[in-house]
Amino acid sequence: LGLPVQAILERLCKCAVGLCGSCAIGPYRVCHDGPIFDSAKLRVIAAEFGKRRMDASGRMIRVDH
């Protein structure tokens, strides 16, 4: 449809300044580049959605559907 979209993404952040990488999703760091992402950035990271998530310790785990 070509509608402009913005979304707020959430990740566990350990350092909150983008140094540790715990909040990384694709090429972006949620604490530094977000938390609000526009349509163009969401397209870049679309393949990440629903595949993996972080547990409470910050480890990436696979999401099985």
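All of the numbers you see were taken from the coordinates with simple rules; none came from a lab. All values reported here derive from a predicted model rather than from experimental measurement. Cβ placement follows ideal geometry from the backbone for every residue including glycine, while neighbour counts extend to all protein chains displayed.
Using alpha-carbon pairs under 8 Å, 6+ residues apart, how would you state the relative contact order of the chain in percent?
Details: 73 pairs, mean separation 19.0, N = 65.
Relative CO of the chain lands at 29 percent.
Using the Cα centre of the chain as origin and beta-carbon charges of +1 (Lys, Arg) and -1 (Asp, Glu), tell me which of 6, 44, 20 is placed farthest towards the positive end of the dipole.
20
Taking the Cα centre of the chain as origin, sum charge times position over the Cβ atoms of Lys and Arg (+1) and Asp and Glu (-1), and report the length of that vector in debye to the nearest 20.
Value, rounded to 20: 180 debye.
Highest first, please rank the peptides 50-58, 23-31, 5-13 by the mean number of other Cβ atoms sitting within 10 Å of their residues.
Highest-to-lowest ranking by the protection proxy: 23-31, 5-13, 50-58.
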